[in-house]
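A quick write-up on the structure given underneath.
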Amino acid sequence: MPFACVRCGECCSQMGDVHVVREECADGSFLMENRYTGEVHAVRVAPDRASLLADRSIFERWPLACPFLREDPADGKACCTIHHTRPDICREYRCWRLLVLNAGGTRAGRVMERRHLAADDPALAAFWETHIAVIREDDDTRWDERAIETLTKAGYIVRR
Ligand code: SF4
Ligand code: SF4
C-alpha cells in the first residue's frame with residue numbers, strides 16, 4: 001500500500017529546532033538552514049498559502065513547530081506552506097512502518113521506528129500493552145509477523 005499522509009502535522013511539530021529561517025529574500029523566498037547539517041535550502045511559499053503565514057496560532061499548540069507549518073482553514077489539517085520547495089529531508093520522510101486500522105478502516109495507530117506505537121485509538125494502546133509489547137522476539141521480521149498476526153486476529157487491519 002502506498003504511503004498515505006493524513007496531514008496530522010505531528011512530524012513537523014518539533015522541526016523548528018531543525019529548520020531555521022536564515023534569511024527572508026526580497027523576492028519572497030527564504031533561505032532555510034538545517035541546524036544539524038548546516039545545509040541551506042532556498043524555499044518559496046506557495047502563492048495560495050501566502051496568506052496563511054501571518055497566522056502563527058499553530059505555535060501556541062506546537063511551540064517548536066517548523067516555521068513553515070500552518071493549519072489549513074479549509075479542513076483544519078496541517079499544511080506545509082512551502083510544500084513544492086520543501087527540503088529533501090521532508091520529501092523522504094515516512095512516518096510509519098506499519099499502519100494499523102480498525103475494522104472500519106479508521107487509523108488506530110502507527111508503528112514507528114522498530115517497535116514504537118503512536119496510537120490514535122486508546123483501545124489499541126491498551127491492546128498493545130497487553131498483547132504486543134509483551135512479545136519477546138529479537139528478530140525484527142519475525143516480530144513483525146507475530147505482531148501483525150496478533151493484531152489481525154483481534155480484528156485490526158495492518159498495512160506495511
Ligand atoms: S507524514 Fe505522518 S506524521 Fe507527518 S503529517 Fe503525514 S501522517 Fe502526520
Ligand atoms: S518544511 Fe514543510 S514538511 Fe518540512 S518540516 Fe516544515 S512544514 Fe513540515
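Quick rundown of the values:
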quantity	calculated
Accessible area of the range 22-77 divided out per residue, in Å², using a probe of 1.4 angstrom	65
Exposure rank, largest accessible area first [ARG159, ARG70, ARG136; 1.4 Å]	ARG136, ARG159, ARG70
Dipole in debye (nearest 20) - the range 10-91, about Cα centre, beta carbon charges: Lys, Arg +1; Asp, Glu -1	60
Under the Karplus curve 6.51 cos²θ - 1.76 cosθ + 1.60, θ = phi - 60°, whole-Hz ³J(HN,Hα) for the range 150-160, x wherever Gly or Pro sits	5, 5, 5, 4, 7, x, 7, 10, 10, 10, 9
Heavy-atom accessible area per residue - the range 79-118, 1.4 Å, Å²	53
Residue-wise HN-Hα coupling along the range 35-52, computed from phi with Karplus coefficients 6.51, -1.76, 1.60 (Hz; x: Gly, Pro)	4, 8, 9, x, 5, 10, 9, 7, 10, 9, 6, 4, x, 7, 10, 4, 5, 6
Residue among LEU151, THR106, LEU117 farthest towards the positive dipole end of the range 98-159, charges placed on Cβ	THR106
Signed unit charges on C-beta, dipole axis of the chain, positive-most listed residue VAL45, LEU64, CYS90	CYS90
Euclidean distance between Cα centres, the range 16-49 to the range 72-127, Å	24
Accessible surface of the range 32-107 [probe 1.4 Å, protein heavy atoms]: carbon and sulfur percent	52
Loop chymotrypsin sites (Phe, Trp or Tyr not before Pro), the range 83-160, which have at most 16 other Cβ atoms in a 10 Å radius of their Cβ (DSSP)	TYR93
Cut-off 15 Å between beta-carbons: net charge of the residues surrounding ARG35, Lys and Arg +1, Asp and Glu -1	-3
Helix-derived mean residue ellipticity, 222 nm - over the chain, DSSP H n ≥ 4, -39500 (n - 2.57), to 500	-4500 deg cm²/dmol
Amide H partners (placed H, <5 Å) of LEU98, local residues excluded	VAL111
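The values are calculated or read from the model by the stated rules, or taken from the named source; none is laboratory data. Since the structure is predicted, the reported quantities are computational estimates derived from the model, not experimental observations. Neighbour counts run over all protein chains shown; Cβ positions are idealised from the backbone, glycine included. SASA here: full protein model, heavy atoms, side chains in, ligands and nucleic acids out. Shrake-Rupley method; radii C 1.70, N 1.55, O 1.52, S 1.80 Å.
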